[in-house]
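So the structure is just underneath, and the comments pick up after that.
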Amino acid sequence: MDAMGAMDAITLATQYHEASKHHFHRYARSPGYMDWANQPDPFRRYAGSPLTLLPFAEPGDSPPYEAIYSSAAREARPLSLKT
């Protein structure tokens, strides 16, 4: 793709983004129905890589909502699937 073609692609992508994004006072445009066959996948998947299922958090494993506003440091925990 030449420089002009790249700019056209960027312009097209930017225009699509502006036309389809959510705004403060309204949701993004939609076809008016749920398109289940073409819904976006919220997780990246790579061909040939294993799929790792994550466990659900146990009640009490997460800090309470109010803790996000606290300046107190939380104790570091080792990194694992559970944490």
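Numbers for the structure displayed
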read-out	value
The range 22-54, subset aliphatic (A, V, I, L, M) and in a loop (DSSP other than H, G, I, E, B), residue surrounded by the fewest Cβ atoms within 10 Å (Cβ to Cβ)	ALA47
Qualifying positions in the range 66-83 - exposed (fewer than 10 other Cβ atoms within 10 Å of the Cβ) and either within 20 Å of the chain's Cα centre (by Cα) or among the small types (Gly, Ala, Ser) (or both)	SER71, ALA72, ALA73, ALA76, SER80, LEU81, THR83
Residue in the range 7-21 that is part of a loop (DSSP other than H, G, I, E, B) and out of contact with any Ser or Thr (no Cβ under 9 Å at 6 or more places or on another chain) present	yes
From the options ALA57, ALA72, residue that is among the aliphatic types (A, V, I, L, M) and out of contact with any Lys or Arg (no Cβ under 9 Å at 6 or more places or on another chain)	ALA72
Positions within the range 55-65 being of a type outside the set (A, V, I, L, M) and surrounded by 10 or more Cβ atoms within 10 Å (Cβ to Cβ), in sequence order	ASP61, PRO63
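Any read-out appearing in this document is the output of simple, stated calculations on the displayed coordinates, not a laboratory observation. Computed from a predicted structure; not experimentally measured. When we count neighbours, we look across all protein chains shown, and the Cβ atoms used for this are built from the backbone with ideal geometry, even at glycine.
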